[in-house]
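To keep things clear, I will list the structure first and then write my remarks on it.
What follows is calculated from the coordinates using simple rules that are stated; it is not laboratory data. Since the model is a prediction, treat every value here as computed from it, not as a measurement. So basically every Cβ, Gly included, is an ideal-geometry build from the backbone, and we count neighbours across all protein chains shown.
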Amino acid sequence: MVNNIFEDLIVRGGLVGNNNQLKLFRKIDFSMYPARAFAITINDIYNKKGLDYLIKLGKIMGESAAVMFRDEINKMKSLIKKDYQTIKNLIEISGFGKIEEFIEDEKKITIRIKNHSVIAPSKELFSNKSSVCSFYGEIYGAFIRIFKNIKKLKITHTKCGCNNGEFCEWVYEK
Ligand SMILES: [Zn+2]
């Protein structure tokens, strides 16, 4: 396996260009947006609609993406396991961030992220008032719930890169 998930997908034909569109698994259309613009948009949604609404949006985005991937993987009847490495890879190719650490024990799952393409410009623009972490925390939680068949997870953002932390950390309690 190639180290970089994008290279690996391209080599295996999992990510191809077709009619000026990027397609994953030959089916799923991909759009990419400039990260800084996305950071500004998320913060604006938070300021106008509040935290609960932003959390709801993160949940919708994470669930729709995770369900789509899960269903495609199920259809492929492939050897792709629905384990944490796959969840990590899918989160990364979706552009939701490169997860540095994924630690699981009996009761909880811990995720750590550094140098996130949207969190970094958001920190630069809004410092500790940045709200993008609430959005991404929900997205990662949705992937864990869908792929691991867990009904409910309690999410805590235990460390934040926007708040003088070295990285962002979320803890998901089962
Ligand atoms: Zn954070």
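Among residues of segment 119-132 that are within 20 Å of THR156 (Cα to Cα), those with a beta-carbon under 8 Å from a residue that is among the charged types (D, E, K, R) and surrounded by 14 or more Cβ atoms within 10 Å (Cβ to Cβ) at least six positions away or on a different chain give the pairs SER130/LYS123.
For segment 145-166, what are the residues that are in a loop (DSSP other than H, G, I, E, B), crowded, with 16+ Cβ neighbours inside 10 Å and within 16 Å of the ligand (Cβ to nearest atom)?
Residue satisfying the conditions is CYS160 alone.
The criterion of being in a helix (DSSP H, G or I) and more than 21 Å from ARG36 (Cβ to Cβ) holds for ALA142.
Restricting GLY97, GLY141 to those that are surrounded by 18 or more Cβ atoms within 10 Å (Cβ to Cβ), within 14 Å of the chain's Cα centre (by Cα), at positive phi and touching a residue at least 24 places away in the same chain (Cβ under 8 Å) reduces the list to GLY97.
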